[in-house]
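Asker: This is the structure I have questions about; it appears just below.
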Amino acid sequence: MSNESAFAPILLVEDNPADLELTLLAFRRRRFANPVLVARDGEEALAFLPRWETGEPLPLVVLLDLKLPKVDGHEVLRTFRAHPAARRVPVVVLTSSSEEGDVALAYDLGATSYLVKPVDFEQFTRLTALIEAYWCGANVPAPRPAVP
């Protein structure tokens, strides 16, 4: 793990309290070293953009649910991809929807990956281990883009 990625945050965008707690519990069980920031709706996720513009650390990865209140996940993804500060941040859709239309639209909008949430906790814990190993360990983050 690089020094830069050792303490960089993960942004978890999830509105369902049960899924949020399940995800955080799975990360805690793995003794996940990176801080996990939480946005509970699309509006909260978009509120990170001005913070990133002013130099706050970019997340190593955004874990984005699609079915969000206020601003849906597809619109969050569209906005992130259009914004200079966020366009290089990997966005992994982590959702319960396996509908072909949701998958296709997410990739069309620039999703880096699309994962369907397992319902079994042990399977979900294994998925978080893969997320940690790849996004916080093996992956080399893109350089921070210059923001005009």
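Every number in this text was worked out from the coordinates using simple rules, so none of it is lab data. Please read these numbers as outputs of a predicted model, since none were measured by experiment. In this analysis, Cβ positions are derived from the backbone assuming ideal geometry, glycine residues included, and neighbour counts consider all displayed protein chains.
Asker: Quick one: Cα centre-to-centre distance for segment 58-92 and segment 95-125, in angstrom?
Answerer: Using only Cα atoms to place each centre, the spacing works out to 14 Å.
Asker: Under the definition of Cα pairs under 8 Å and six or more residues apart, what whole-number percent is the relative contact order of segment 3-137?
Answerer: 27
Asker: Here's another thing I want to ask about it. Magnitude of the Cβ-charge dipole of the chain, K/R +1 and D/E -1, about the Cα centre, nearest 20 debye?
Answerer: Taking the Cα centre of the chain as origin, the dipole is about 560 debye.
Asker: For a quick check of your reading of the filter: which trypsin sites (Lys or Arg not before Pro) in segment 1-63 sit in a DSSP loop and have no more than 16 other Cβ atoms within 10 Å?
Answerer: Sparse-neighbourhood loop trypsin sites (Lys or Arg not before Pro): Arg30, Arg31.
Asker: Under the 0.36 nm per residue contour assumption, what length would be gained going from the current alpha-carbon distance of Glu21 and Ala129 to full extension?
Answerer: 37.3 nm
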